[in-house]
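**Q** I have a structure I would like to understand better, so I am pasting it below and will then ask my questions one at a time.
The values are calculated or read from the model by the stated rules, or taken from the named source; none is laboratory data. Since the model is a prediction, treat every value here as computed from it, not as a measurement. Cβ: placed from backbone, ideal geometry, glycine included. Neighbour counts: every protein chain shown. We work out accessible area using only protein heavy atoms, side chains counted, and drop any ligands, DNA or RNA first. Shrake-Rupley method; radii C 1.70, N 1.55, O 1.52, S 1.80 Å.
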Amino acid sequence: MKGGRGKRGRAAAATREATLTIERLGTGGDGIAHLEGRPVFVPFTLPGETWRVVLQEGGAWRGRPLERLGEPVARAEPSCPHFTRCGGCLLQHLPDPLYDEFKRQRVIEPLRQARIDHSVPALLARSPQASRRRVRLAYARRGGRLLLGYRALRSHDIVPIATCPISLPVIQDLLPPLTGLLTSLGGEIREGEVVVTATHTGLDVRLGGVEARSLEQRERLAAFADTWDLARLTVASERGAAEAIVTRRPPVLRFGTTLVTLPLASFLQATEAGEAALQAAVADWLPDRTRVVDLYAGLGTLTLPIATRCERLDLVEGDADASAACARAIAAYPRLQARCRDLEADPLEAAELAPFDAAVLDPPRSGAARQVERLAKASLDRIVYVSCHPGSFARDAQHLQAAGFELVALRPVDQFLFAPEVELAALFLRGQAKAKLNA
Ligand SMILES: C[S@@+](CC[C@H](N)C(=O)[O-])C[C@H]1O[C@@H](n2cnc3c(N)ncnc32)[C@H](O)[C@@H]1O
């Protein structure tokens, strides 16, 4: 045994070694074992495995796996060379049935706690490898070297990566040259975030922490955009002011037949396959000639593909740039409208929801408690709720259920390969809409 509890008690993390048998997986994907009656979280392990770990006794006890002991348990072979160092793809070692069950449980458990009685079917659209169309990397200078990569698990350290197998190949190819570009921009470029997005017209690259004040830097950036045939290359200062240095082609996304130009920063679904699964749920669950309000609409991703069969479609979004991009894309269609509104501070009231038969709702992780309260009081009787957080979804679903809505269909979607997150689409009906379903 090494170390012991520090003089300042729990606040000072102490370390020692222990041998633990993993009992189950926690919601974050860590294996959970018990020691001295307390749970210990051990990443990259499987139920049934025994591990020698370095124990970190802080608020929550964590174990850093050192050596696997005893009988081996069947594992999947991780495809990424950075597995166990990078903080993103924690579930690569899970065999398929366990992986699917883990993600289903992420939905089942919050629903059970919220007393919502609905079965959770098998995962849809398990993202294939090499399909992530946006990566968000960090870079920093360390000891004279520029490191570009992902943050390490529960740390601000950067794990430098030369490849990221879950991303589209066109993004993977760009990673080593991007490191070279950032290095060549000079010593004042110290740290920041890099976002690379694949659009239908090419890659959109945004370099944070770069101001490009000198002509030489601008020429380097322009040459890089030419060499790699980027659609657009943007820099953003530490204060967040963004400037497109080169726009060779507008970076465009296609939703159905509508083309939307990607703003400098806005939300985008992580994979095309996941996006298509969510769009299919929306299309399946909204009948023709419905009057639809799309709340937290982003760029119109979920409803623009069915715009031609809606009687009316209003897209409401809090990000002004996303809303403006959406408005420009639909300007020629009088039945479609896009407006910017903060739905947390200023949710649509029941009277404003009166002209609609159905709402589509795709809020951020925190859910949409205040907007759901208004939807519960409104006259519409059909809601398609898309969520990236089963916990806040279950809370909001409970509220809808209390207002007479019934959860009649649910599809878990695997938008984030190997990450503990799971996306879902759900259909709620009440009143006539529910009666028609049962007829
Ligand atoms: C999960 S994304 C969904 C976007 C879109 N439905 C899609 O599929 O791409 C959530 C969206 O909600 C927007 N949002 C976040 N907070 C908001 C708020 N308080 N009011 C309105 N929109 C908000 C974000 O800008 C983002 O576009």
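**Q** Counting other Cβ atoms within 10 Å, which GluC sites (Glu not before Pro) in region 311-400 have at most 16 and lie in a DSSP loop?
**A** Those satisfying the criteria are E344, E349.
**Q** Size of the dipole of region 14-73 about the Cα centre, Lys and Arg at +1 and Asp and Glu at -1 on the beta carbon, nothing else charged, in debye to 20?
**A** For this selection, approximately 120 debye.
**Q** What distance in nm lies between label points placed 7 Å from Cα along the C-beta direction at R64 and Y333?
**A** 5.4 nm
**Q** Now a separate question. Taking the Cβ-Cβ separation of R309 and L259 as r and a Förster radius of 22 Å, what is the calculated FRET efficiency to the nearest 0.05?
**A** 0.70
**Q** Then there is this: How far is it, in nm, from the label point at A435 to the one at E193 when both lie 7 Å from their Cα along the line to the Cβ?
**A** My value for the distance between the label points is 4.9 nm.
**Q** Something else about it: Which percent of the Cα-Cα distances in region 14-73 go past 15 Å?
**A** In whole percent, the long-distance tail amounts to 38.
**Q** Once you place label points 7 Å from the Cα toward the Cβ at D229 and S214, how far apart are they in nm?
**A** Distance between label points: 3.1 nm.
**Q** When the helix-only estimate is applied to the chain (DSSP H runs of n ≥ 4, each -39,500 (n - 2.57), divided by the residue count), what is the mean residue ellipticity at 222 nm, nearest 500 deg cm²/dmol?
**A** Calculated at 222 nm, the ellipticity per residue is -7500 deg cm²/dmol.
**Q** Might you report the magnitude of the Cβ-based charge dipole of the chain about its Cα centre, with Lys and Arg at +1 and Asp and Glu at -1, to the nearest 20 debye?
**A** Dipole about the Cα centre, nearest 20: 860 debye.
**Q** How long is the gain from R341 to V54 if the chain were fully straight, where each residue apart is worth 0.36 nm and the alpha carbon distance is subtracted?
**A** 98.4 nm
**Q** Another question, then. In vacuum, with every alpha carbon of the chain counted as one equal point scatterer, what does the Debye formula give for log10 I(q)/I(0) at q = 0.12 Å⁻¹? Two decimals, please.
**A** At q = 0.12 Å⁻¹ the computed log10 ratios are -1.12.
**Q** Computed FRET efficiency, Cβ-Cβ of A76 and S366, R0 25 Å: what is it to the nearest 0.05?
**A** 0.20
**Q** Could you give the length gained by full extension between H200 and T163, i.e. 0.36 nm per residue of separation minus their alpha carbon distance, to one decimal place?
**A** 11.1 nm
**Q** Taking amide H positions as placed 1.01 Å from N in the peptide plane, with prolines and chain starts having none, which residues 5 or more places from V246, or on another chain, fall under 5 Å of its amide H?
**A** Amide H neighbours of V246: L233.
**Q** Follow-up question, since we're still on this one. Using every pair of alpha-carbon atoms in region 134-250, split the distances into 5 Å bins beginning at 0 and state the percent of pairs per bin, rounded to integers.
**A** Taking all Cα pairs of region 134-250, the binned fractions are 2, 12, 23, 26, 21, 11, 3, 1 percent.
**Q** So for R75, R232, what's the accessible-area order with a 1.4 Å probe, most first?
**A** Ranking R75, R232 by accessible area, largest first, yields R75, R232.
**Q** Suppose R0 equals 41 Å. What FRET efficiency, 1/(1 + (r/R0)^6) with r the Cβ-Cβ distance, do R248 and R38 give to the nearest 0.05?
**A** With R0 = 41 Å, the Cβ-Cβ based efficiency is 0.15.
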